[in-house]
Amino acid sequence: MQIAVRVTPRAGRDMLAAGTTDHLAARLAAAPVDGAANAALIALVAKAFGLRRGAVRLVAGETARLKRLHLDGDAETLARTAAALYGTGA
């Protein structure tokens, strides 16, 4: 499964929430320096979806605010979790 996430670095704390119908929104305490924000995003998404960090890969947007992540896992479970994050179910 792939998800799109819009990242806001240097936030007060790490948080993943609904964004728009096209992407989730992530607020990260890490600065966008030397991949720190990307690593924090992967850890945050892995925790939110109940995955290990290795099951989450950044596939697009390494230096952009809008990023695309690939999640390895049971598609049905991931879809329910995504729906819950968007506030539309589960």
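The values are calculated or read from the model by the stated rules, or taken from the named source; none is laboratory data. Model, not experiment: these values are computed from the prediction. Glycine gets a Cβ as well: all are built from the backbone with ideal geometry, and neighbour counts include every protein chain shown.
A few comments on the model shown:
- Of all residues assigned to the range 62-75, none qualifies as being touching a helix residue (DSSP H, G or I) at 6+ places or on another chain (Cβ under 7 Å), outside any strand (DSSP E or B) and β-branched (V, I, T).
- Among the residues of the range 37-68, the one identified as in contact with a Lys or Arg (Cβ under 6 Å, 6 or more places away or on another chain) and of a type in the set (K, R) is R65.
- Top-ranked residue in the range 1-45 [being surrounded by fewer than 18 Cβ atoms within 10 Å (Cβ to Cβ) and in a helix (DSSP H, G or I); ranked as nearest to the chain's Cα centre (by Cα)]: A43
- Residue within the range 40-59 that is closer than 16 Å to Q2 by Cα, in contact with a His (Cβ under 6 Å, 6 or more places away or on another chain) and either hydrophobic (A, V, I, L, M, F, W, C) or at pLDDT 95 or above (or both) present: yes
- Long-range neighbours under 8 Å by Cβ, at least six apart or interchain, first residue under 14 Å from V45 (Cα atoms) and touching a residue at least 24 places away in the same chain (Cβ under 8 Å) within the range 56-73, second aromatic (F, W, Y) and surrounded by 13 or more Cβ atoms within 10 Å (Cβ to Cβ): L71/F49; G73/F49
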